[in-house]
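To keep things clear, I will list the structure first and then write my remarks on it.
The values are calculated or read from the model by the stated rules, or taken from the named source; none is laboratory data. Quick caveat, the model's predicted, so the values are computed rather than measured. With ideal geometry, Cβ positions are generated from the backbone for all residues, glycine too; neighbour counts draw on all protein chains shown.
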Amino acid sequence: MRIQYPENIKIIGVPCTGKVDVLHLLRAFEKGADGVYVVGCLEGDCRFNSGNLRARKRVEQAQHILESIGVGGERVQMYNLSSGEGPRFAEIAVEMTEKIRKMGPNPIKISKEKNGCMI
Amino acid sequence: MIVAKQKPIEEIIEGVRDYEKILIAGCNECVTVCEAGGKKEVGILASALRMYFMNQGKNMKIDEVTLERQCDHEYLEELRKIIDRYDVVISLACGAGVQFMAEKYFRTRVLPGVDTCFMGVTEERGVWSERCQGCGKCILGETAGICPISRCAKRILNGPCGGSTKGKCEIDKELDCAWQLIIDRLNELGRLDDYEKIIPIKDWSTERAGGPRRVVREDLRL
Amino acid sequence: MNTNTPSKLEKILAAGHLAVTSECGPPRGSDGEFVTKKAKMIKDHVDAINVTDNQTSVTRLCSLAACIHLKLMGVEPVLQMVTRDRNRIALQSDILGAASFDIYNILCLSGDHQIFGDNPHGQNVFDLDSINLVQTVRFMRDEAKFLGGEDIQRPPKMFVGAAANPFADPFEIRVRRLAKKIAAGAEFIQTQCVYNVEKFESWMKMARDRGLHEKTYILAGVTPLKSAGMARYMKNRVPGMDVPDGIVKRMSGVPKEKQPEEGIKICVETIQRLREVEGVRGFHIMAIEWEEKVPEIVERSGLYPRPEVV
Amino acid sequence: MDERKAAYIEYAQAVPLAFAIDPDTCIGCGLCEAMCLAKAINYDDTERRTTLSVGALILSPGSQGFDPSGLELLGYGRFSNVVTSEEFERILSASGPYRGHLMRPLDREGPRRIAWIQCVGSRDVNLCGNGYCSSVCCMYAIKEAMIAKEHSHGELDCTVFNIDMRTFGKDYEKYYQRAKDKSGVRFVKSRIHTIDEVRETGDLSIEYVDEGGELKRETFNMVVLSVGLRIPDSLLDLARRLGVEVNKYKFAATHPFSPVSTSRPGIFVSGVFQGPKDIPTSVTEASAAACAAATVLAEARGRDAKSIEMPVEIDVAEEEPRIGVFVCNCGINIGGVVDVPAVAEYAATLPNVVFTDQNLFTCSQDTQDKIKEVIKEKNLNRVVVASCSPRTHEQMFQETLQACGLNKYLFEMANIRNHNSWVHGNDPETATNKAKDLVRMAVARANLLKPLKEKRIPINRRGLVIGGGIAGMNAALGLADQGFEAVIVEKEAQLGGLARELTTTIEGEDIQAYLYELIEKVNQHKMIQVLTESLIVGFTGFKGNFTTEILVGPRMYERKIQHGVVIVATGANEYKPKEYLYGQDPRVMTQIELGKRLEVKGASDLKRVVMIQCVGSRNEENPNCSRVCCQSAVKNALHIKELNPDAEVYILYRDIRTYGLLEDYFTEARRKGVAFFRYHVDNPPVVESAREGVIVTFKDHLLQRDLQVPADLLALSSGMVPEDTEELASILKLPRNEEGYFIEAHVKLRPVDLANEGIFLCGTAHSPKLISETISQALAAASRATTFLSQPEIVLSAVTANVDQDRCAACLICVRACPYDVPRVNEKGASEIDEALCHGCGICAAECPAKAIQLNWYEDEQVLSKVEALLEGVL
């Protein structure tokens, strides 16, 4: 459908969102990502029965951790949509981008720049 | 299995705030099975701590290791070569593992990363419940296989108390009354008459009251 | 007349009288007069007064000290003792302490869980349970020995009681549990307050079928309801309490200001019905923070005057 | 409803997803041909005649929606807010003219009240000549109402005006009830003939007579005409040229016992051209037609197939990665936005990249040849293609690698078109940067890729058919006639199943004669083995290699059968009613019993017969419609009328569901004087026994009073109950719904597959259905089974989960998490995942608390390498 969406979205493919490990989500933030979202099949419509429900739990777990360490739990989100919902995909991309813009960059990044320390 | 749960990340952060080199040590036994301190949890905690301290502008070295068991010398020995590189170890093992590590590496501070809860079972994924308090003298044979010591809020040996309501314990409507379970099972086994046998005053000396316990099997020692 | 102890309560029961006991809760402070004041209101209408032991796990003046106050004013106390807070050393020690003041009655209980009280984060003990405590007192009295086996100089002379709840779950073991307490050595039983008389009667019948009414003295518990709200609360919130809908309806059927009187009426009617039940040997009137009404209840129930025993 | 450009893609799901030129809109400039870099357009292309020599032909030309312009009183074309159901679908669609926002055409206002008018162009001999029921409109109307309610921003009133609600498909009745009870869609029993417009508002006013005969008028903001299906005249022409007969409604003429065969041998038919039907039935029938065609062609199978020789795989495990990156321009699709040379140049700077190139079309055949050359020349051992979607092109590139002896899993794609140039076309600079990011990520993963071995397992070419009824026997013949062995397992002593109880079809065809012939064919077939009085007691293995243990015969001797597929055809039975004095009064019987009775004793002694519909269906115990009972009643009623025209027949019904061409028989029954009375579920007929007959009391809604009818016979249109398959389902681990019917893998897309691979489903074990439908479905199951069996071996994807048994804590989390029950803890106390059974979802890998499980090709490090490459230098 070629609906335009913000270019800051980069997609990493997995066979099922159930494959998304909370460690993968955290690693992205550790490396400086400003936001991550997981896009799975509609609930109740997972090709692998419950993979997307598990993914939602992983996202919630990551949200909780990110919130408690001051990075911001809202930076990671879960969305569900079917393969026929191109416009919704673009809408989500916009929505997520706006949400993250409002939150500002990953605070780790800011802190790094300020302190100039090395890993 | 020993069931533990993760400590709040805030508490762990407070504990290691003043150090620079941290080793997070998981255990591949009980705490892996109850998803509190296996390799994956080690990874999650390490990642969270790294992010937290980066955000604080603090340069920390945070490494990860997961031992097969922390309650055995030989496995703990694997840390010998590297332990001096760290200011502090966060052990995600149960209390036994944390202590054994602390005993072994006297000069290194060892902090617990989980709260050790009880010996219990997996009711379903994500739900564990207590079954045993290790009293040292098992009476399950007399109580239809249900332990009033670990499962009754008052450890009443001749129950139920007056708080048993509709099969649930007075302290928590979700909690089964152990004595109801015992009675149901006795009934099922056709042994309800056994209920009237008074369980005598218990000898608690084999429990923690008798001081730290040891099991020594001379036949196994050389 | 065959009695095991110098207890007045035991004597009255052994003489075949319907016994009347009541209770008072000690204060949350050290004012001993609080107890004696309450006792004065009711002492002439009851045979003995129970003193509760940190009931509902709320810390109060200790039961033993309050019993001593009663004893000193010439009232017969029933020392309630729970196993929640003391191990067997402390329990035995307190029994001896009570005996040293010639306190002759003890009611053995396990006690409410501490989670309901003012120290929910505290440890509980439960070294013994209530049945074990009955065994302990009987052992100390009858064998003149400590649990550890050594002899007791001047062993306690105590009439040993236990509680029974005819209404609690699971119902199938209610009588078996009574039998168990009797087997452990309970000489008298005070029951949970009775509102559901039918259910109580069927429990008594089952107890009689096993001859349990002849092995122990059963005192039926009664509590006057102060209001419809209290009736509902007891019905819905208090574990092991059976308040039939009829009672709740009857209470809420009268205007608020008349509800206390209705409650007392129900209480009196209950006593009158229960005294006809074979095996009921007396009443334990628990007028919670309403002790002043006990004389009226006793009188209206035809239980006054109280018999004299030597 | 909207304008479209001359070059267009018909709809988002079109296959192939390619542009076409609309000659009505095209201005004829021909510029497109010059502009197309792929040279995919031949603008001056003209019709060409091609001759193909084929052994069989399948017709599935479909149908058209009925055009309601001719029904003037409905106002379509005159009133803007009267739309067809097809137009309404577009209104609801996210890619439609209003982008999925619910608006009415006149003023683009959100409607508050919408009415659906059913049977527009269906069940109507008078105005449009279409006497048949279109079968699909009731369901789509409910669906549209439900979706409209979801899309509406405020409260939305939905009313469906219908004669009967025909939700007869599997689980459809539940959907209807949900719409009514949960979503508040209103259903009004009335046929609408006239719609008036309210001038000032554009609203529409409908006058109708309700069930009680009262005249009512209501106003709606919008009206949807539920238009039926019709066969366009152009198809008549095709049929004539092919020598294929059609019936009076222009549907291809077929016989109930050979439902996909046309009048001309070798020509088969599927879909709506065979008769009105919904998607699941069409898909099923398509497979059935394929089976019928494949049977004719069985001998020629594989004759024209060519096999490709693959070179021996080069072992690259020990080599350092040597990566080649091919960046695609995709004509101007990518190149028009992204600076492709810059991306290629950038790729060359990435770790272990030893070669980069850019191509106009990386997917073209000459580029494949070029890639092959480069792989050999530069000793590449990993390949990255930055182009389009792996979904469409990955396999092709992997084959290119394989042709050079490289393992196909040493390949990675970066989608710089769909995820980049197409969606960021307005900002070439950022698109170029993003392309670089995507390539960097792909290269990072490529560095970590390992060769993976795909397991090849020979397929056992025998099929096991469970159930020897009409479904099972047809399925077995479907396999056997194509040259595959079939074993039928039947629990009874004889073949035939429920059909043994049946007499004729509604068309008048003799079922017993058909059954006799079918059983003969099965027994005589050298490729079919029949096991009667047999019980399945054990089942192991996986698709292509199953082993089933069976206890056979009265002596229960054990047999083990190896087979590659299973077809489940366990069937169903007539419900034995507990209602209406059944079993107490001998004059009360089921329709099947009535059918037999008419056969044996005729109807001359019958003065009055009453029939009650929906006995044991559409109630709390069995919420579904049993689909066949309405036609059974009509069939028996017609038979009675034929045998004894003076006999009175009353049919008490809730909705008459003579769908498709069956509607003609309903019409005929009414014409012959069969009386139909509707009853409500909360006020069912009352039945009493009396000497003079069975007294049936029911309400006549038109007269608004109770009628009492003494009947010589009361026939109960008893529903269907599935055969008891609880044990079988647990042995084979097959999913069943609440009523006990097996659940197919996907209602529409895989209607005869079970989710368990290699197991197929047909007949009434799936849901209640007619014999003709059962035969279709049986052939379909056979077709799906042979599609699989005709392969020499199965190649299992290497994307499976792998347990590091040393690290495994045997915690059982993978065992519990796997959607397919694959992992198990072995004797050594470690989890083991059978690669033949693993579906490769990776859930276990994500959940493993010991991190002892990796999903091949998506190992944690491989996934994380992309994360890290993407975020390289951010901190």
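Determine if segment D:574-590 includes at least one residue that is touching a residue at least 60 places away in the same chain (Cβ under 8 Å), under 20 Å from D:Phe698 (Cα atoms) and of a type in the set (Lys, Arg).
Yes.
Do you know which of the residues in segment D:821-850 that are within 12 Å of D:Asp804 (Cα to Cα) and surrounded by 22 or more Cβ atoms within 10 Å (Cβ to Cβ) is farthest from the chain's Cα centre (by Cα)?
Going through the qualifying residues, I end up with D:Ala850.
Provide a single number: the residues in segment D:696-727 that are of a type in the set (Val, Ile, Thr), over 28 Å from D:Leu770 (Cα atoms) and either out of contact with any Lys or Arg (no Cβ under 8 Å at 6 or more places or on another chain) or exposed (fewer than 12 other Cβ atoms within 10 Å of the Cβ) (or both).
Counting residues in segment D:696-727 that are of a type in the set (Val, Ile, Thr), over 28 Å from D:Leu770 (Cα atoms) and either out of contact with any Lys or Arg (no Cβ under 8 Å at 6 or more places or on another chain) or exposed (fewer than 12 other Cβ atoms within 10 Å of the Cβ) (or both) gives 2.
Please work out which residue is farthest from C:Asn132 (Cα to Cα), limiting yourself to segment C:164-179 and to residues that are out of contact with any Lys or Arg (no Cβ under 8 Å at 6 or more places or on another chain) and buried (at least 21 other Cβ atoms within 10 Å of the Cβ).
C:Ile173
Restricting to helices (runs of 4 or more DSSP H) lying wholly in segment D:73-191: which have 3 or more residues that are in contact (Cβ under 8 Å) with a residue 12 or more places away in the chain and of a type in the set (Ser, Thr, Tyr)?
D:172-181
Hey, any hits in segment D:777-798 for a residue that's within 12 Å of another protein chain (Cβ to nearest Cβ), under 27 Å from D:Ile731 (Cβ atoms) and at pLDDT 95 or above?
No, segment D:777-798 contains no residue that is within 12 Å of another protein chain (Cβ to nearest Cβ), under 27 Å from D:Ile731 (Cβ atoms) and at pLDDT 95 or above.
Looking only at segment B:91-145, which residues are farther than 30 Å from B:Leu23 by Cβ, within 14 Å of chain D (Cβ to nearest Cβ), touching a Ser or Thr at 6+ places or on another chain (Cβ under 8 Å) and among the hydrophobic types (A, V, I, L, M, F, W, C)?
Hit for segment B:91-145 is B:Val121, nothing else.
Identify all residues within segment D:314-333 that are over 19 Å from D:Glu377 (Cα atoms) and among the β-branched types (Val, Ile, Thr); write none if there are none.
D:Ile332
Can you go through D:Ala40, D:Ala34 and tell me which one is outside any loop (DSSP other than H, G, I, E, B) and exposed (fewer than 15 other Cβ atoms within 10 Å of the Cβ)?
D:Ala34
Using the structure shown, decide if D:Pro280 is closer than 28 Å to D:Val747 by Cα, outside any loop (DSSP other than H, G, I, E, B) and either in contact (Cβ under 8 Å) with a residue 12 or more places away in the chain or among the acidic types (Asp, Glu) (or both).
Criteria met by D:Pro280.
How many residues does segment D:833-851 hold that are closer than 27 Å to B:Cys27 by Cβ, out of contact with any strand residue (DSSP E or B) (no Cβ under 6 Å at 6 or more places or on another chain) and more than 10 Å from chain A (Cβ to nearest Cβ)?
To start, the set of residues in segment D:833-851 that are closer than 27 Å to B:Cys27 by Cβ comprises D:833, D:842-851.
Still in the running and out of contact with any strand residue (DSSP E or B) (no Cβ under 6 Å at 6 or more places or on another chain): D:843, D:846-851.
From what's left, more than 10 Å from chain A (Cβ to nearest Cβ): D:849-850.
Final tally of qualifying residues: 2.
Of everything in segment A:32-69 that's among the basic types (Lys, Arg) and surrounded by fewer than 22 Cβ atoms within 10 Å (Cβ to Cβ), which residue is farthest from the other protein chains (Cβ to nearest Cβ)?
Among them, the one singled out is A:Arg56.
I'd like to verify a number: residues in segment A:74-98 that are assigned to a helix (DSSP H, G or I) and away from chain B (no Cβ under 12 Å), how many?
14
Based on what the data block shows, is D:Tyr132 at pLDDT 95 or above and farther than 18 Å from D:Phe187 by Cβ?
For D:Tyr132, the condition - at pLDDT 95 or above and farther than 18 Å from D:Phe187 by Cβ - is met.
When residues of segment B:151-184 are filtered for being among the hydroxyl-bearing types (Ser, Thr, Tyr) and in contact with a helix residue (DSSP H, G or I) (Cβ under 8 Å, 6 or more places away or on another chain), how many remain?
1
Mind counting the residues in segment B:158-199 that are hydrophobic (A, V, I, L, M, F, W, C) and crowded, with 22+ Cβ neighbours inside 10 Å? It would help to see each step written out before you state the result.
The first filter runs over segment B:158-199 and keeps only residues hydrophobic (A, V, I, L, M, F, W, C), leaving B:161, B:169, B:171, B:175, B:177-179, B:181-183, B:186, B:189, B:192, B:198-199.
Of the ones still in play, those that are also crowded, with 22+ Cβ neighbours inside 10 Å are B:161, B:169, B:177-179, B:182-183.
Total satisfying the criteria: 7.
Check B:Ile24, B:Ile44, B:Ile83 and return the single one that is of a type outside the set (Asp, Glu), crowded, with 16+ Cβ neighbours inside 10 Å, within 14 Å of chain A (Cβ to nearest Cβ) and under 19 Å from B:Arg107 (Cα atoms).
It is B:Ile24.
Between a residue in segment D:61-72 that is over 13 Å from D:Phe273 (Cα atoms) and any residue that is in a helix (DSSP H, G or I) and among the aliphatic types (A, V, I, L, M), which pairs come within a Cβ distance under 7 Å, given they are 6 or more apart or on different chains?
Partner pairs satisfying both residue conditions: D:Pro68/D:Leu74.
May I ask you to list the residues in segment D:376-387 that are crowded, with 18+ Cβ neighbours inside 10 Å and under 24 Å from D:Ala342 (Cβ atoms)? I'd like the intermediate steps shown before the answer.
Filtering segment D:376-387 down to residues crowded, with 18+ Cβ neighbours inside 10 Å leaves D:380-387.
Across segment D:376-387, the qualifying residues are D:Leu380, D:Arg382, D:Val383, D:Val384, D:Val385, D:Ala386, D:Ser387.
Does segment C:199-214 contain any residue that is away from every other protein chain (no Cβ under 12 Å), surrounded by fewer than 18 Cβ atoms within 10 Å (Cβ to Cβ) and farther than 27 Å from C:Leu18 by Cβ?
So far as segment C:199-214 goes, no, none of its residues is away from every other protein chain (no Cβ under 12 Å), surrounded by fewer than 18 Cβ atoms within 10 Å (Cβ to Cβ) and farther than 27 Å from C:Leu18 by Cβ.
Residue-by-condition table, conditions (1) within 11 Å of chain B (Cβ to nearest Cβ); (2) within 24 Å of B:Asp184 (Cβ to Cβ); (3) touching a helix residue (DSSP H, G or I) at 6+ places or on another chain (Cβ under 6 Å):
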| position | (1), (2), (3) |
| --- | --- |
| C:Asn119 | no, no, no |
| C:Thr136 | yes, no, no |
| C:Pro156 | no, no, yes |
| C:Ile189 | no, no, no |
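Here is a list of conditions, (1) more than 9 Å from every other protein chain (Cβ to nearest Cβ); (2) buried (at least 16 other Cβ atoms within 10 Å of the Cβ), and A:Arg101 meets all of them except one; can you say which number that is?
Here A:Arg101 clears every test but (2).
Given (1) within 22 Å of C:Leu212 (Cα to Cα); (2) at the interface with another protein chain (Cβ under 9 Å from one of its Cβ atoms), identify the lone condition not met by C:Asn124.
Here C:Asn124 meets the rest and fails (1).
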